[in-house]
């Protein structure tokens, strides 16, 4: 009986030791994985920053102004002026959707009773 | 093993036969057996000692080896869990009010040399000079062949330069990672941003520290890793800042001025939407400060904030507004502006020796009469004038969030005499920066509250200290409007927007202290728009402008600063989202004759 108890506790110690060891390694693996991910995030953020900087550099007002001047013939961009503001009633109504679908100008009046020529 | 008997029968019998003592045989055998036992014990003890020795040696070797490894390797924090938010600790970005980048970071490399590792120092020096033409060949050769063990060659190099240096193939040339501050918009808002440099430098990293402007003012905030991912949001608007600088530069060149400054400020929140000072510089490559000459001539000098000037007649509105507030005058009170007027023994004159006669207080502002404002200021008195100007912030440097703002200490008269009262009422004898004037005009424009100019984006109007009643403020803005519609600033009319403002032309004092120049002025125009519901105040200041399109050179603000301000307003008002409006005009032939 006693030896059975000894064997059981011995096995329990071995089992627990194995479990602790296993968990430790799992934790370390998880930390290593997290670190890899963080490094990736950092790299991506860094890339994002570079791209943002590039975007800001490409969109700097000096360059846009120059581009607007170079392409003036095609685009005709000028600084925003007060006269470009308008009231809502100055906007024309969009052309009706029915326009163009049925051409009423050359229609034949069938109610008049005359024979079409 | 075969145990030898102590008394072997054969030998005993033999010994007995010979008459010898058989005990001797037994003793001999015991002796032999003891010797054998002793040898065996010895061997075993020696073996144990050896094992023990090996174990101790191994243990000490392990400890020693570990200590060596620890001493040699980079220290690392022991951690139980993965790191938190600050994955990439970098200096925070600076963005404008719409989130467009004004300052960010860029990864680059520094170049350093370890001459003792060099194989062909002279060839390396030669190749380096080809890549970096600003390096001196002889200097590099002496450094590389001398006793130095380490030297920096370049603090920041581009990827192309790095590759070129790499291609030299010299093992003594090494690269360290560097983070550099990048201002993608170049010169834009240079004086606000200031610039950044390296603090403590190591091979693997270097501190980026702000050296001027908002970079220095908020250095701790920008470097704090807890805020690294949160950009610093400024009140500036990139587009409006660019338009302002562009127009101001063009205007400065047309008016032949040596410097110019402009401040555009929201009158309710105190946000500075654009602030420009010319000449400017590129914060990516900040020039070194002037060692000789007048610091105010350096491009680093911020005229809008650091430059304190006598801003001239633009101050007149404060004297009249205060008199209205105190009930001394109203807009239609008749003021006697006829000469002579002497205060403290000094005659007070008008521009071009004019005589406006008896005019209303409103006309005093519209015509810009020195004697008129002087008489009103005398009624107000020195004490009350002083308190009023102090409440408008004219006694302290502006609280703007750039490090240079502390240098904009206004110059006040040492003794506030009656003469000072009169001269200050028309803007002489008290020097302040254009930003001070903007804050003062903002108080007139927003209904009478002092707002602190700020560079940080605000979400709500400032509830500043009330310095005058809304009625007084409204009357002041009406007078300012009349200055533009029928007074000295008639070139300030902008189609679609009603502009109010006051010009100021002040002679520049001689630096040696001997009075004023005859032909050098500071021309200022302080504008408020739209004047029927003021939202913004714009100050334009030109240093030594002269307009030469007419028969004789014209230097007054009405001819120089006002057209520039009008152009700036015409450009930025649509960008600010202000809807153009035709204000109900006062017809010129209907005038109020009596009240």
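Read the figures in this text as sums done on the coordinates, not as results from a lab. Since the model is a prediction, treat every value here as computed from it, not as a measurement. Counting neighbours? That spans all protein chains shown, and the Cβs are built from the backbone with ideal geometry, glycine included.
Structure values in brief
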read-out	value
Footprinting exposure proxy for B:209, A:88 (fewest neighbouring C-beta atoms within 10 Å first)	A:88, B:209
Neighbour-count order for A:5, B:388, B:318, fewest beta carbons within 10 angstrom listed first	A:5, B:388, B:318
Degrees between helix B:238-254 axis and first principal axis of chain B (Cα, 0 to 90, nearest 10)	50 degrees
Rounded to 5, the percent of DSSP beta bridges in chain B classed as antiparallel	95 percent
Between helix B:159-168 and chain B: long-axis angle, C-alpha atoms, 0 to 90°, nearest 10	40 degrees
Theoretical FRET efficiency, 1/(1+(r/R0)^6), r = Cβ-Cβ of residue B:332 and residue B:297, R0 45 Å, to 0.05	0.45
Whole-number percent relative contact order across chain B, with pairs defined as alpha carbons under 8 Å at least 6 apart	13 percent
FRET efficiency for residue B:148 and residue B:72, using Cβ-Cβ distance with R0 set to 22 Å, rounded to 0.05	0.35
Rounded FRET efficiency, nearest 0.05, which uses the C-beta distance separating residue B:383 from residue B:471 and R0 of 22 Å	0.40
Inter-chain Cβ neighbour average for residues A:43-54, partner chain, 10 Å	4
Crossing angle, helix B:561-575 versus chain B [Cα axis fit, 0-90 degrees, rounded to tens]	60 degrees
For B:559, B:416, A:55, order by how many other beta-carbon atoms lie within 10 Å, fewest first	A:55, B:416, B:559
